[in-house]
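Read through the structure below, which is laid out as structure tokens, and then see the notes.
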Amino acid sequence: MPGFLPLLPALAAVLLLSACGSERAATQNGGARADGSTPRTEVTRPAVDGVRITSVTVPSAPSDPATPGASGADGAVEAERLPAEHAGDSGISAAYEVTNSGTESMTYTVLFTFTTSVGEVMSNQRVTVRSVGAGRTVRGTVRPEALVVGSSRVTTVKIGEVTKVPADEAPAEAGVCPPSGIRLTADDGDAAMGLRVVGIILENCGQQDYTLNGYPQVSLLDEDRRPVEGIKIFKGSGGIATLAGFDDAPRPVTLKPGERANAGLTWRNTTGFGAAVEVPYVRVRAKSGAAPVMVTPHLDLGTTGKLGVSPWRAAAR
């Protein structure tokens, strides 16, 4: 279950409810530090797939006795509007740690969600923590994106999603070319009336021409990165839908350094009899013998049991 963690304002005794219960924070010396800095609140929530938020920081809520409803029962602080002095840099942050209890180096991608006390999402931040060695812990800090003046006050941070892939199969970060000379990623996908399409993008970031001829090789993996059974993978649309390019005959594509090629995955997430299938991980090889790259498009395949794959095509320049 994703963990909700309350951000505790410094100048009030508060009662904040989280998804797993409630906490009460009593202030000391009025809640402010002598040097005027914003205090940090330690938290002890369980880890979510190896990721744990260890402390949170939020600027003190300005008291305004003329504002009705600024405080609730038991000193609870209701959602307030972001004051002008906190626009841009809100001063809100969450410290986290990522612990790899496995036996191989992993790269983690974590979605942190910052919300108000009533659950309104104010910011989503996706953080990638690369090459966490077996048995090691890596620490960092995440902040929400710039908040506009007048937006509701952020009170809670949530670990919304954690994905992790073997470090040597993780997509290369922007600006870094892997030893293979190709950078392979997946886009955010497109959806319409139960039809889903995810693009696979290959960039030749090396110094030599790179030739493709055919379809990307894909393997579907479950949350433990084990093969998913019972899904038929088609070269082409597989009759799932009529989509431009999916049923074209493959042809050679030679990419010069800096050029790109595209392919696609398509499926329907409709359900009928049987259990719906979720595929969080896809291992992709650009061609036979190529180094594998594990992407995380999260395929919600429903009960259709079919996935279509389009051939590689040169991307428009």
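The values are calculated or read from the model by the stated rules, or taken from the named source; none is laboratory data. Because the structure is predicted, anything quoted here is derived from the model rather than measured. When we count neighbours, we look across all protein chains shown, and the Cβ atoms used for this are built from the backbone with ideal geometry, even at glycine. The area values use the complete protein model at the heavy-atom level, side chains included, leaving out ligands, DNA and RNA. Shrake-Rupley method; radii C 1.70, N 1.55, O 1.52, S 1.80 Å.
Considering only the stretch 222-232, state which residues are touching a residue at least 60 places away in the same chain (Cβ under 8 Å) and either assigned to a loop (DSSP other than H, G, I, E, B) or crowded, with 17+ Cβ neighbours inside 10 Å (or both). Selection gives Arg225, Gly230, Ile231.
A quick yes/no check of all residues on (1) among the polar types (S, T, N, Q); (2) at pLDDT below 95; (3) open to solvent by 30 Å² or more (accessible area, probe 1.4 Å):
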position: Gln208; (1), (2), (3): yes, no, yes
position: Leu220; (1), (2), (3): no, no, no
position: Phe234; (1), (2), (3): no, no, yes
position: Thr242; (1), (2), (3): yes, yes, yes
position: Pro250; (1), (2), (3): no, no, yes
position: Ala275; (1), (2), (3): no, yes, yes
position: Ala286; (1), (2), (3): no, no, no
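Checking each residue in the stretch 145-201 for being in a loop (DSSP other than H, G, I, E, B), free of Cβ contacts under 8 Å to residues at least 60 places away in the same chain and aliphatic (A, V, I, L, M) picks out Ala146, Ala172, Ala174, Val176, Met193.
Residue by residue, here is whether (1) out of contact with any Gly (no Cβ under 8 Å at 6 or more places or on another chain); (2) over 20 Å from Gly305 (Cα atoms) holds:
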| residue | (1), (2) |
| --- | --- |
| Pro179 | yes, yes |
| Arg196 | no, no |
| Gly199 | no, no |
| Cys205 | no, yes |
| Asp222 | yes, no |
| Phe246 | no, no |
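The set of residues in the stretch 152-169 that are over 30 Å from Ser219 (Cβ atoms) and open to solvent by less than 20 Å² (accessible area, probe 1.4 Å) comprises Ser152, Arg153, Val154, Thr155, Thr156, Val157. Residue count for the stretch 292-317, restricted to those that are open to solvent by 60 Å² or more (accessible area, probe 1.4 Å) and more than 20 Å from Asp247 (Cα to Cα): 3. Taking the listed residues Ser117, Ser101, the one that is touching a strand residue (DSSP E or B) at 6+ places or on another chain (Cβ under 9 Å), over 30 Å from Gly238 (Cα atoms) and not in a helix (DSSP H, G or I) is Ser117, with no other qualifying.
Okay, residues lined up against (1) closer than 30 Å to Arg225 by Cβ; (2) at pLDDT 90 or above; (3) open to solvent by 40 Å² or more (accessible area, probe 1.4 Å):
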{"site": "Gly72", "(1), (2), (3)": "no, no, no"}
{"site": "Ser101", "(1), (2), (3)": "yes, yes, yes"}
{"site": "Met106", "(1), (2), (3)": "yes, yes, no"}
{"site": "Val118", "(1), (2), (3)": "no, no, yes"}
{"site": "Gln125", "(1), (2), (3)": "yes, yes, yes"}
{"site": "Ala146", "(1), (2), (3)": "no, no, yes"}
{"site": "Gly150", "(1), (2), (3)": "no, no, no"}
{"site": "Pro171", "(1), (2), (3)": "yes, yes, no"}
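Are there any pairs, at least 6 apart or on different chains, whose C-beta atoms fall under 7 Å, with the first in the stretch 266-281 and among the charged types (D, E, K, R) and the second part of a loop (DSSP other than H, G, I, E, B) and surrounded by fewer than 21 Cβ atoms within 10 Å (Cβ to Cβ), and if so, which? Listed pairs, sorted by first residue: Arg268/Gly194; Arg268/Ile240; Arg268/Thr304.
Give the stretch 240-279 a look and list any residue that's under 27 Å from the mean Cα position of the chain (by Cα), within 20 Å of Ala192 (Cα to Cα) and assigned to a loop (DSSP other than H, G, I, E, B), or say none. Within the stretch 240-279, Asn269, Thr270, Thr271, Ala276 qualify.
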